[in-house]
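The values are calculated or read from the model by the stated rules, or taken from the named source; none is laboratory data. These figures come from a predicted structure and were not determined experimentally. Counting neighbours? That spans all protein chains shown, and the Cβs are built from the backbone with ideal geometry, glycine included. We work out accessible area using only protein heavy atoms, side chains counted, and drop any ligands, DNA or RNA first. Shrake-Rupley method; radii C 1.70, N 1.55, O 1.52, S 1.80 Å.
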Amino acid sequence: MNQNELNGPRERVVPQAPPRPEGGAPAAPTKRRRRRPRFLVRVLAGLFGITFLAVLGGVAVIAAIIYGYSSDLPDYAQLADYEPPVTTRVYAGDGRLLAEYAIERRVFRPLDAMPQMVIDAFLSAEDKNYFSHPGVDARGVVRAAITNLQNWGTDRRLVGASTITQQVAKNFLLGSDVSFERKIKEAILSFRIEKAFTKEHILELYLNQIYLGRGAYGVTAAALNYFNKSLDELTLAEAAFLAALPKAPANYDPVRHPGAAKGRRDWVIGRMLDDGHISPAEAREAWTAPIDLRRRAETEFVSADYYAEDIRREIAARYGERALYEGGLAVRASLEPRLQEIAERELRRGLEAYDRAHGWRGAIARLDGLSEGASPEAWADRLAAVPRPPDLGNWRLAVVLRLTGEFAEVGLDGQTVGRIPFAEMRWARRGLRDQRVGPSPRRPADVLSVGDVVAVEAVEGEDRAAFALRQIPDVDGALVALDPHTGRILAMAGGYTYARSQFNRATQALRQPGSAFKPFVYLAALEAGYTPSTIILDAPISFDQGPGLPRWTPSNYSRQFYGPTTMRVGLEKSRNVMTVRLAQSVGMARVGDTAERFGIFDRMPSHLSYALGAGETTLLRLTAAYAMLVNGGKKITPTLIDRVQDRHGRTVFRHDDRDCPGCRPGAWANQPLPQLPDRRETVTDPASAYQVVSMLQGVVQRGTGQRIAVLGRPIAGKTGTTNDIKDTWFIGFTPDLAVGVFVGFDEPRTLGRGETGASVASPIFRDFMAAALEDTPAVPFRVPSGVRLVRVDAGTGRAVSGGGRNVIFEAFKPGTVPTGRQEVLRGSGGSAASGPTTGTGGLY
């Protein structure tokens, strides 16, 4: 029994209606108030607080991260003046390319010069929202995240969300390492870059910097490398292909991965269609187009390796390595390609001719065990394995297969067979010590053996199977040609081949000039008041060299003496003893001053042996000195470079730096030609310079340079040969072209008994001049004002009234024409005289 039953039945309480108001309707029932639980409020407040604290904490963490990574970010302000690495190009005198120097092959092109189609293709492929996002594309990040989640577990490549601005930050400032830290820095930099620069500037940086495969940096270089086109010539399909490359150029190479390349290109075309850049019809046409690669057209280069290397060194020394390889300089060289081709050809021919005259040194290699008349199977592969000498040029390697009394049968590359007639190897006498040679061969077996690998050259004519035996010279040399009025180097061959040796014998080899120095001894005398008709005694003389040293007794090349002789004949015949007597009389200090003024030496010791060319100089310096003789005594500075422009076209160097306000008129109206001031320094008086020129013309007409006279035009020059015939020279000129030739071994040794500058160097000079001056008019040497031309006997220097075989016009300064008796310059061993001494009289 429960408690209620114990207490009895409860009284039921019936609720009473509220009393009615008097005279009115019954009262409305009263509403019960519901009270909200306090704990719900507390929960909501707690959640809000937690969320707020979480957001605040997240913001603090993000701020801390940004602050932390911002402290060591690279300076993006450098992008304002950023100039991408651009190729430096060197152009020859005719505008053709001579050389290119670059680390990255790039052609910079401003954004406003790029076709809109190319820009649209890259924007659709890389960053469709580029012009609307602040540097990081939030929508792109979300879209990429969703796509990557959907592709999770599949073989599909993860989708990135880097904007073009982020790629600029990465490529220019951060590098390509894959890390969370780099991505944060990349995003921070992207926001800052967007605030600092215009969208157009950032896009221009990107399109010129990005690597697109095949060595192409930037879209302009890529268009050339893939399609041999400029940007303006690209089709839609080609532009889309280039835009497909930035993600992975190697993976979309159309040769190695044609399917992937086309698929990626078509995807870009689809994106361009979706973005409204092209019409459906244009898209369909582009989709069906093949990726038709075209090899970039070979740029026509001028071949001048020594010349180009000297320019490379000069630019690097003047502006630095970075400017050379990244500065995009335009260098205008003074090189004349026609003369350069002649210089290289004639130097090679001259060295080969000398080398053949001094004997056969043997085969390049041997194929041992080769039987006579062997089949190609026995020798073709072995011949192909023989290393090809770098200086072989257009010659071919051949192996001797069979010998007869009339020819040698040889096998060549491609399993072809030819023959060397005995007439084409008759020159091959066995080479002996000191450049001597053995007896002439009488049959092919005297020269060759079966199995010998030799160099051969095809013989011109109808018989294509005939070849000539050739030998790579071990002697070397150089040739340089320059404009005597400006110093512009028009041609320069620094050796037999650049492939064999990069050492430039025209500018780097210091060698003794020998007798080629003598004109400057005679010039010093002419400046001191001597004349070409001054008589000098050619007789034995000796000098005391000091305690414990033997006396120095100079002698002539012929080992003979010729008595009293004019200065002119002494120079024409290159008489050593006369030159020493003259130098002693004039004084070596004056001779040294002359040599230094002309740039032959920086400082010349006052030793009498220097009068005979014992000092060392370069071919270029000596040739430039001769050029200053023919230009009337004006100083010139030899130069390889006419002008240098920076990447913006501004001239930063000009060899001829004279101002010429009238050189660029708006139109031609028969106005007078502008007159440029001649600011060249005078190194000698024009009259003395012309007297030396006239004497050097006599060297060609009557002296040691007579091999040059066959050219039949005004030419002057001088031979040079040193002791033991280790160096041979010929330096000469016409009124408007100065040329120097040097021949010698790199490790100095004799060129052989009987060889001289006349026999070794002058034929190269002659053949160069013959080709260089072909079809040009003969120009006489210019006679300066004040010089008197007087008829004299070329042998005695005495004035004559009539003509005759030995009568020439001699050049005299006013008041120096000889009359009556002449004094004989004798000099004296061991002391220096101050001027001509009085002789015994007599007319010479």
Problem - Tabulated pairs, region 480-494, first at pLDDT 95 or above and outside any strand (DSSP E or B), second open to solvent by less than 10 Å² (accessible area, probe 1.4 Å) and among the basic types (Lys, Arg), C-beta under 6 angstrom, 6+ apart or interchain - result: Gly494/Arg505
Problem - Residue satisfying all of: in region 290-332; part of a loop (DSSP other than H, G, I, E, B), under 20 Å from Phe108 (Cβ atoms) and in contact with a Phe, Trp or Tyr (Cβ under 9 Å, 6 or more places away or on another chain); modelled with the lowest pLDDT among these - result: Arg296
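Conditions tested, residue by residue: (1) modelled with pLDDT of 95 or more; (2) over 25 Å from Ala102 (Cα atoms); (3) of a type outside the set (Val, Ile, Thr); (4) under 18 Å from the mean Cα position of the chain (by Cα).
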| site | (1), (2), (3), (4) |
| --- | --- |
| Ser334 | yes, no, yes, yes |
| Glu344 | yes, yes, yes, yes |
| His358 | yes, yes, yes, no |
| Ala378 | no, yes, yes, no |
Completion exercise
Checking Ala624, Ala583, Ala595 in turn, the sole residue that is under 25 Å from Arg488 (Cβ atoms) and in contact with a Leu (Cβ under 8 Å, 6 or more places away or on another chain) turns out to be Ala624
Exercise for the section: For region 300-314, enumerate the residues that are open to solvent by 40 Å² or more (accessible area, probe 1.4 Å) and small (Gly, Ala, Ser). Expected result: Ser303
Exercise for the section: Name the residue, out of Ala589, Ala525, that is under 46 Å from the mean Cα position of the chain (by Cα) and buried (at least 19 other Cβ atoms within 10 Å of the Cβ). Expected result: Ala525
Exercise for the section: Could you check how many residues of region 597-616 are surrounded by 16 or more Cβ atoms within 10 Å (Cβ to Cβ) and among the polar types (S, T, N, Q)? Expected result: 1
Handout entry: Residues of region 532-572 satisfying the condition of being crowded, with 19+ Cβ neighbours inside 10 Å, hydrophobic (A, V, I, L, M, F, W, C) and in a loop (DSSP other than H, G, I, E, B)
Key = Ile541
Fill in the blank from the handout: Considering residues that are assigned to a loop (DSSP other than H, G, I, E, B) and over 33 Å from the mean Cα position of the chain (by Cα), the number found within region 712-726 is 4
Handout entry: Count of region 406-440 residues which are farther than 13 Å from Trp360 by Cβ, open to solvent by 30 Å² or more (accessible area, probe 1.4 Å) and either of a type outside the set (Ser, Thr, Tyr) or in a loop (DSSP other than H, G, I, E, B) (or both)
Key = 12
Exercise for the section: Among what's in region 510-522 and is open to solvent by 10 Å² or more (accessible area, probe 1.4 Å) and within 31 Å of the chain's Cα centre (by Cα), pick the residue that is farthest from Asp746 (Cα to Cα). Expected result: Gln512
Exercise for the section: Considering (1) under 15 Å from Ala169 (Cα atoms); (2) under 28 Å from the mean Cα position of the chain (by Cα), say which one Gly213 fails and leave the rest. Expected result: (1)
Exercise for the section: Within region 825-838, identify whether any single residue is open to solvent by 60 Å² or more (accessible area, probe 1.4 Å), basic (Lys, Arg) and modelled with pLDDT of 95 or more, and answer yes or no. Expected result: no
Exercise for the section: Evaluate the following for Pro564: is it at pLDDT below 95 and closer than 19 Å to Thr796 by Cβ? Expected result: yes
Exercise for the section: Kindly indicate which of Ala261, Ala283, Ala297 is under 15 Å from Phe227 (Cα atoms), open to solvent by less than 50 Å² (accessible area, probe 1.4 Å) and in contact with a helix residue (DSSP H, G or I) (Cβ under 9 Å, 6 or more places away or on another chain). Expected result: Ala261
Practice task
Evaluate region 665-672: report whether one residue or more is assigned to a loop (DSSP other than H, G, I, E, B) and under 23 Å from the mean Cα position of the chain (by Cα).
Solution key: no
Practice task
Output the number of residues of region 634-674 satisfying the condition of being loosely packed, with under 12 Cβ neighbours inside 10 Å, touching a Leu at 6+ places or on another chain (Cβ under 8 Å) and of a type in the set (A, V, I, L, M).
Solution key: 0
Completion exercise
All conditions in (1) over 30 Å from Asp483 (Cβ atoms); (2) open to solvent by less than 50 Å² (accessible area, probe 1.4 Å) are true of Pro784 except (1)
